[in-house]
């Protein structure tokens, strides 16, 4: 058994690389046609698109070990000890039903296949993932612990930098053209 299990969306990295490559190409085109200064003014808008793909496609994940599970959702991190989990189940995404009556849905990991033609393509990764998490939950021997919810400071700090940069670009250019 590995030290920890990590589940991510299968196409997240592909989307991030594709969108980043497109943005780099477009910024390169701006440099060639208009110069470095205009590229500097346009860059935060491209970075905002990359940031959105990053937080929705690449960043979400499920990391599980013998002590508990850490869910990296969009802008939120939820750390759940196995002792706080009553059941791991699969709806559209993996859900953790807590002993206190709450439910935490994981944005990361595989999503359930719903279309019949996709179901015929072999075993559903989401079902396998939920089964592995359930087995890990059943074998765990943790003691106590609270569910801890925190903000993803790294993603929020990146957004703040991009927004400040975009605000500076708007201030330099006089804002969006109207009319």
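No value in this document is a laboratory result; all are computed from the given coordinates. What you are looking at is a predicted structure, and each value in this text was computed from that prediction instead of being measured. Quick reminder, even Gly has a Cβ in these numbers, built from the backbone with ideal geometry, and neighbours come from all protein chains shown.
Stretched out straight at 0.36 nm per residue, the stretch from residue 163 to residue 100 would grow longer than its current Cα-Cα span by 18.9 nm. Expressed per residue, the C-alpha convex hull volume of segment 48-103 stands at 84 Å³.
At an R0 of 45 angstrom, the distance between the Cβ atoms of residue 66 and residue 14 translates into a FRET efficiency of 0.90. Measure nothing fancy, just the Cα-based angle from helix 125-139's long axis to the longest principal axis of the chain, in degrees from 0 to 90, nearest 10. With both axes taken from Cα atoms, the answer is about 50 degrees.
Could you compute Rg(Cα) / (2.2 N^0.38 Å) for the chain, with N its residue count?
1.32
Placing a label point 7 Å from the Cα of residue 154 along the Cα-to-Cβ direction, the residues of segment 31-74 whose backbone N falls under 14 Å from that point are 54-56, 58-63, 71-74. For residue 76 and residue 25, a Förster radius of 45 Å and the Cβ-Cβ distance give a FRET efficiency of 0.90, rounded to the nearest 0.05.
Here the calculated FRET efficiency for residue 83 and residue 56, from their Cβ-Cβ distance with R0 = 30 Å, stands at 0.45, rounded to the nearest 0.05.
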